[in-house]
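Student: Structure incoming, see below.
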Amino acid sequence: MDMNLNIGVIKGDGIGAEIVAEAMKVLDRTAEIYGHTCDYTQLLLGGASIDAHGVPLTDETVEKAKKCSAVLMGSIGGDAKVSPWYKLEPSKRPEAGLLGIRKALNLFANLRPAILYDELKGACPLKEEITEGGFDLMIMRELTGGLYFGERKTVEENGVMTAYDSLTYNENEIRRIAVRAFDIAMKRGKKVTSVDKANVLDSSRLWRKVVEEVAKDYPEVVLEHMLVDNCAMQLVKDPKQFDVVLTENMFGDILSDEASMVTGSIGMLASASLNETKFGLYEPSGGSAPDIAGKGIANPIATILSAAMMLRFSFDLDKEADAIEEAVARVLREGYRTIDIMSEGKTQIGTEKMGDMIASYIV
């Protein structure tokens with residue numbers, strides 16, 4: 001079925017414009033082969049928006065983004081030591097725009113895949129017998145609730161300074177992220193590992209109860225529960241055992257960084273933040289790397305894989321997403337590398353050439 005893909009594009013800061021250009025090249029090639037069209041709306045966010053409008057996020061950007069079916073984004077931010085953006089108050093800095101758009105678009109589900117390609121296992125810090133054959137897992141993190149958004153205060157009690165942070169979840173917040181996790185597991189390995197601390201926390205006991213209720217609607221998906229401390233250990237002991245890891249905000253913050261480190265290269269990792277519709281914001285996990293901006297050496301693969309995630313989760317174009325992911329794998333199998341993943345005996349290429357090669361391998 002031919003589709004018109006209505007995509008917002010935030011080129012971002014630093015290497016953002018370079019890596020987004022390559023992702024758009026791959027999207028255009030995929031659309032051409034599979035009979036779709038891409039209709040892009042350019043949006044400003046972060047430092048680029050500060051330069052143009054004095055603020056990191058405008059109402060206009062939010063309104064335009066809401067009219068898109070999905071948004072593809074490069075990296076946001078600059079060098080905090082030298083950029084004038086960081087002389088502004090925190091609410092006016094680039095990263096505040098990112099938090100602002102996530103809130104405005106109600107992006108409550110954060111997806112962080114951690115994929116180790118067999119061809120890149122040398123970059124992984126784990127023993128080779130653990131990583132043989134690579135692995136592919138997805139961290140599903142609740143993004144708008146929990147400890148980070150609960151009530152907090154610091155007071156003096158009986159002459160002692162005391163700080164309070166509240167970890168709060170209601171059943172609706174848990175249910176909507178659980179439904180997302182099971183839906184995504186159905187597109188993958190049909191296994192959900194729900195991570196909590198139910199031996200200690202009431203919020204985790206409610207989390208576990210609601211997740212089990214949702215699981216009844218997905219008889220094909222295997223559900224297992226795992227305590228967060230054990231999960232942290234299992235990620236480095238046997239990452240292959242995981243498919244979709246579902247967890248709350250703070251645990252997800254920690255585990256997703258651990259999982260990305262286990263792959264050995266953040267330049268390869270996509271991410272997405274979704275709301276209750278099919279809408280999502282898709283971006284690479286890495287930063288804006290202002291030190292290499294404009295040099296044509298940045299790795300565009302994470303952004304290209306983010307575009308594949310966008311086709312899969314916002315447009316339900318699984319075949320097209322598979323085609324992009326297979327093209328990336330083929331380029332790696334054939335030994336082509338950007339400088340950040342370069343190893344002995346391989347062929348080093350730049351940002352644009354990597355995008356060209358991946359696009360040419362779309363079938």
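The values are calculated or read from the model by the stated rules, or taken from the named source; none is laboratory data. Predicted model, so just to flag it, every value in this text is computed and none were measured. Please note: Cβ atoms are built from the backbone with ideal geometry, for glycine as well, and neighbour counts cover all protein chains shown. Quick note on the areas: whole protein, heavy atoms, side chains included, nothing else; ligands and nucleic acids left out. Shrake-Rupley method; radii C 1.70, N 1.55, O 1.52, S 1.80 Å.
Student: What are the pairs with Cβ atoms under 8 angstrom where one residue, in the range 179-191, is of a type in the set (V, I, T) and the other, located anywhere, is in a helix (DSSP H, G or I) and open to solvent by 10 Å² or more (accessible area, probe 1.4 Å)? Sequence gap at least six, or different chains.
Tutor: What qualifies is I184/F313.
Student: Same structure, new question: Looking only at the range 264-299, how many residues end up being small (G, A, S) and over 15 Å from the mean Cα position of the chain (by Cα)?
Tutor: Summing the residues that are small (G, A, S) and over 15 Å from the mean Cα position of the chain (by Cα) in the range 264-299 gives 6.
Student: Another one. Give the number of residues within the range 148-175 that are open to solvent by less than 80 Å² (accessible area, probe 1.4 Å) and either outside any loop (DSSP other than H, G, I, E, B) or closer than 15 Å to M250 by Cβ (or both).
Tutor: 11
Student: So, one more: Please enumerate the residues belonging to the range 56-77 that are out of contact with any strand residue (DSSP E or B) (no Cβ under 7 Å at 6 or more places or on another chain), in a loop (DSSP other than H, G, I, E, B) and surrounded by fewer than 24 Cβ atoms within 10 Å (Cβ to Cβ).
Tutor: Hits for the range 56-77 are T58, K67.
Student: Tell me which residues, restricted to the range 18-55, are assigned to a helix (DSSP H, G or I) and open to solvent by 50 Å² or more (accessible area, probe 1.4 Å).
Tutor: If the condition is that a residue be assigned to a helix (DSSP H, G or I) and open to solvent by 50 Å² or more (accessible area, probe 1.4 Å), then K25, D28, R29, E32, I33, Y34, D51, A52, H53 are the ones that fit.
Student: For the range 116-142: of the residues being open to solvent by 20 Å² or more (accessible area, probe 1.4 Å) and at pLDDT 90 or above, which is nearest to the chain's Cα centre (by Cα)?
Tutor: So the residue we want is R141.
Student: If I filter the range 257-280 for residues that are polar (S, T, N, Q), open to solvent by less than 50 Å² (accessible area, probe 1.4 Å), in a strand (DSSP E or B) and in contact with a Pro (Cβ under 8 Å, 6 or more places away or on another chain), do I get at least one hit?
Tutor: For the range 257-280, residues polar (S, T, N, Q), open to solvent by less than 50 Å² (accessible area, probe 1.4 Å), in a strand (DSSP E or B) and in contact with a Pro (Cβ under 8 Å, 6 or more places away or on another chain): present.
Student: Select from the range 208-250 the residues that are over 21 Å from R176 (Cβ atoms), open to solvent by less than 30 Å² (accessible area, probe 1.4 Å) and in a loop (DSSP other than H, G, I, E, B) and list them in ascending order.
Tutor: Within the range 208-250, just F242 meets the criteria.
Student: Same structure, new question: Look at L45 and say whether it is among the aliphatic types (A, V, I, L, M) and touching a strand residue (DSSP E or B) at 6+ places or on another chain (Cβ under 9 Å).
Tutor: Judged against the criteria, L45 is a match.
Student: Just to be sure, is E325 free of Cβ contacts under 8 Å to residues at least 40 places away in the same chain and closer than 19 Å to G264 by Cα?
Tutor: It is true that E325 is free of Cβ contacts under 8 Å to residues at least 40 places away in the same chain and closer than 19 Å to G264 by Cα.
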